[in-house]
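First the structure, in the form of structure tokens, and then the observations on it.
The values are calculated or read from the model by the stated rules, or taken from the named source; none is laboratory data. Only a predicted model underlies this, so the values are computations on that prediction, with no experimental measurement involved. We place every Cβ from the backbone using ideal geometry, glycine too, and count neighbours over all the protein chains shown. Side chains included, ligands, DNA and RNA excluded: accessible areas come from the protein's heavy atoms. Shrake-Rupley method; radii C 1.70, N 1.55, O 1.52, S 1.80 Å.
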Amino acid sequence: MIEFDAKTKIFHLHNEEFSYYFCINKLGYLIHLYSGKYIQSVDIERLTERYVERYAYLENNQEVCDESYYFALQASNFECASHLTGDKRGAPIIIKNVDGSTLTDFRYHSHSVINGKVEIENLPHTRIGTKKNVQTLEVVLKDIRSNVFLSLYYSIFDDMNVLIRNCKVFNGENEDINLIKAASLELDLFGEDYTLISTHGTWSMDRLIEETPINHNKIVVSDNHGARGFYHNPAIMIKEKEATYKSGDVFGLSLIYSGNFSFEVGQDDLNQTRIIAGINPETFNFKLSKGETFITPECVLAFSDKGINGVTQTLHDFAREYIIPKKFVNVERPILINSWEAYYFDFDTLKIKKLIDEAKELGIEMVVLDDGWFGKRNDDKTSLGDWELNLEKINLEEVIDYAHKQKMKFGLWVEPEMISPDSSLYKSHPEYALYNRNVKPTLYRHQLVLDFTSPKVVNEIFDMISSVFTKYDIDYCKWDFNRYLSEIGSTFLNADQEGEIYHRFMLGTYKLLDKFVKKFPNVLLETCASGGGRFDLGMLYYSPQIWASDETDPNARIEIQFATNLFYPLSTIGSHVSARPFSTYQDKAIIAAFGTFGYELDPLKLSEEDKKQIVEINKLVKTWHHIVTIGDYYTLKDPTKSNYASWMCVTKNKKEALVFHYNFRREPTRARYIKLVGLKPDQYYFNSLTNKIYRGDFYMNGGLNISCPIDEGKAMMFVLKAVSPLEKTIYEKMNSGKEEKRDKIV
Ligand code: GLA
């Protein structure tokens, strides 16, 4: 997978479908040559040739220039551009040197290839385990003026079009240096015709797709809230302008990181595109003392020449194979009901026991007790940090026992990174709050953030939470985060370490999560931040599912889920049916079924008719949901571009598929066909829309005909199931003359 030609000094990192080429040039620079669909070889001269002024420099007061050799700092493509040189397109690594300057000049020093991957200790990362299909190249660069070394890591897989990139900076100087920018990846692309796909959002509009043409203005997709990913998300796509969902070259970049990040994207004067991805430099400045190293988070670079769906599937497969905890990843999660929208803070033992009874009747498998069970928390003004049961309000042991006796699971909500000023913890340890003591810190939702830059604080919170999860037999944990970081300052760090706080806070959070999942490996973890504000690969490393949004109204939900679908597997997308009066339970359930399924409502308030519907829905979800959990996802109709949202999931063996269609506005009869994808052309499939059997090629080219009037907010779901020619004959004989079934869910 990793080849090095000692003569030409070309590295070729590849599998059967993907090639990534770069070389060491005469001057020791790493020159990027190509990334994309597999090609057997490259012609360095033709690839690097630019009719620009060649690189000339002064040596012993003489001009030195090699005219036979195409290289120019301002025009060549790099693996890692140096800072303050003639390359003005931005550098991924910026260092304040011992002498105070920020000029760097990184040149090749050495390289090595290992089977497998270098493990990163304190950050979530690609889990290779015992897999043998990965190789890693480490190229060490050295700054020619100092003893600062920069290692670039590239891990490539033999069966997935993914390259994992990150870096390590080592301070070999005798004095401190400061890292003022430490990105994980630089990707220089030839060509000008790219479009950026990113997401933006806010509370209850957690992720919405935004497409931006990439031109000469630098675009920065970034976040500086500290640990929340709905304003912008740390995953983007770069697609050829003409690429569609089905065809064309597309790159996907996804950071395995939940802290402040940035993607810089823009064209240079020669119309070449540079992308730099990693920790956001705006809020970063990290001191490295003599002999210390800094490791950047990993950035996943996925490629497909089969359009956006190709990259989406690669990112999904990658997350399922290498990020999400194995124990949960391909396993059906219990259908849950959460107490939040049913009772908010107003519950007691009896109410929760009734909720368990009712949920059981409806075919729900787990009850989750949300916010309000600890301290004296009867509203959101108090008690975060006091992780002790409020015995006056709830007898947890009794409730959990009650659930388990009925073969129901039980879950609990926590918000470990937070502290309420009105809490015992704050009274005894005001120094645990993370803010600059020279200002009046802003409260959001009446709370402050804990100083997780300090291992002491992390350990103390762990002990408290851990004792609850040890004492009570809890099956699931919802791990929330309801404000972002502001006016940061730490009583545990020096004032000049301000630029380390955001990253150290993230490391502390990861440490806590790590301790939790190691101590409670059987607890299903769902992370959350005011809804879906922390969707990223960093969180998925610990929690197999993430609450997608507090918004459950169908029109808005679909756009949020759609944007999330593009980057993250559907099995990770917490999606629930609420009682909000915008739609039928059936419509809402069909949408929620394309995520991890559950409810946010009070079953005691349901009509008998609604209850019947919900029982039926739950049976269907149990029967068909595995297709969503393990299948390949395809977007069929982009909801941002039409009146429809449509997508489908197909199992890897192509024997079962689940198709989704939604109409935003009401429409009369239109000649409306859903052309399916991803089926086997010569395989017969039964479909639950018409109760008929056709070949895959018919569904994919003719399509499923839904040319009927469709109401506003109407959701449909159809199943396709492979049948043999013999089964087809028998089925058709048995059903000849019978009416077609129409307009039903499955
Ligand atoms: C956040 C979550 C909600 C709920 C509340 C509890 O807003 O998104 O689902 O858990 O916190 O305070």
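Loop-only check: which GluC sites (Glu not before Pro) in the stretch 666-746 are DSSP coil with at most 15 other Cβ within 10 angstrom?
E712, E739, E740
Specify the inter-centroid distance of the stretch 428-451 and the stretch 188-250, based on alpha-carbon positions, in whole Å.
34
Under 17 Å Cα-Cα from K478, which lysines qualify once same-chain neighbours fewer than 8 residues away are excluded?
Cross-link targets: K409, K515, K518, K519.
Hey, how many Å between the Cα centroid of the stretch 5-39 and the Cα centroid of the stretch 348-362?
Going from one Cα centre to the other spans 61 Å.
By how many nm would the segment from T293 to N701 grow when fully extended, if each residue of separation counts as 0.36 nm and the alpha-carbon distance is taken off?
Once the chain is fully extended between T293 and N701, it gains 141.3 nm.
Under 11 Å from the Cβ of I10, count the other residues' Cβ atoms, weight Lys and Arg +1, Asp and Glu -1, and hand me the total.
Charge balance in the 11 Å sphere: -1.
Run lengths n ≥ 4 of DSSP H only: what is the helix-derived mean residue ellipticity at 222 nm for the chain, with -39500 (n - 2.57) per run over all residues, to the nearest 500?
About -6000 deg cm²/dmol.
Cα centroid distance between the stretch 610-628 and the stretch 89-146, in Å?
49
Using the basic label-point model (7 angstrom from Cα toward the beta carbon), what is the E392 to E667 distance in nanometres?
For E392 paired with E667, the spin-label model returns 5.8 nm.
Which shape class applies to the stretch 336-467: rounded if a/c is under 1.5, otherwise prolate when a/b exceeds b/c and oblate if not, where a ≥ b ≥ c are the square roots of the Cα gyration tensor eigenvalues?
prolate
In square angstrom, rounded to the nearest 10, how much accessible surface does L524 have for a 1.4 Å probe?
10
At most 14 other Cβ atoms within 10 Å and a DSSP loop assignment: could you name the trypsin sites (Lys or Arg not before Pro) in the stretch 590-647 that fit?
Within the stretch 590-647, the qualifying trypsin sites (Lys or Arg not before Pro) (loop, at most 14 other Cβ atoms within 10 Å) are K641.
Pop out the ³J(HN,Hα) list for the stretch 281-298 in order, Karplus 6.51 cos²θ - 1.76 cosθ + 1.60 with θ = phi - 60°, rounded to Hz; leave Gly and Pro as x.
x, 4, 10, 10, 6, 10, 6, 10, 7, 3, x, 8, 10, 10, 10, 8, x, 7
Considering the dipole of the chain built from charges on the beta carbon (Lys and Arg +1, Asp and Glu -1) around the Cα centre, which of I275, G172, Q74 is farthest to its positive end?
I275
Angle, helix 608-624 long axis vs. longest principal axis of the chain, Cα atoms, 0 to 90°, nearest 10?
50
DSSP loop (so not H, G, I, E, B), at most 14 other Cβ within 10 Å: list which chymotrypsin sites (Phe, Trp or Tyr not before Pro) in the stretch 640-746 pass both filters.
Listed in order of number, the matching sites amount to none.
Grab the other residues whose beta carbon is less than 10 angstrom from that of W647, score K and R as +1, D and E as -1, and report the net.
Once positives and negatives cancel, what remains is 0.
In cubic angstrom, how much convex hull volume per residue do the alpha carbon atoms of the chain span?
With only Cα atoms used, the chain gives 170 Å³ per residue.
In nm, give the distance between the simple-model label positions of N438 and R127, each being 7 Å from the Cα along the Cα-to-Cβ direction.
4.4
Calculate, for K675 and E727, the FRET efficiency according to 1/(1 + (r/R0)^6) with r their C-beta to C-beta distance and R0 35 Å; round to the nearest 0.05.
Step by step, r from the Cβ atoms, then E = 0.90.
Enter the angle in degrees (range 0 to 90, nearest 10) between the Cα long axis of helix 554-567 and the first principal axis of the Cα atoms of the chain, meaning the one along which they spread out most.
40
Taking 25 Å as R0, compute the FRET efficiency from the Cβ-Cβ separation of L604 and K326 and round it to 0.05.
Computed FRET efficiency for L604 and K326: 0.05.
Once you charge only the Cβ atoms, +1 for Lys and Arg and -1 for Asp and Glu, what is the size of the charge dipole of the chain about its Cα centre, to the nearest 20 debye?
2080
Below 11 angstrom from the Cβ of Y568, what's the summed charge of the other residues (Lys, Arg +1; Asp, Glu -1)?
So the surrounding residues net to +1.
Please list 329-339, 565-575 highest first by mean number of surrounding beta-carbon atoms within 10 Å per residue.
Ranked by mean Cβ neighbours within 10 Å, highest first: 565-575, 329-339.
How far is it, in nm, from the label point at D380 to the one at E460 when both lie 7 Å from their Cα along the line to the Cβ?
2.5
Return a whole-number percent for the relative contact order of the chain, with Cα pairs under 8 Å and 6 or more residues apart as the contact set.
That works out to 10 percent.
If H216, H225 are ordered by their accessible area, calculated over protein heavy atoms with a 1.4 Å probe, which sequence runs from highest to lowest?
H216, H225
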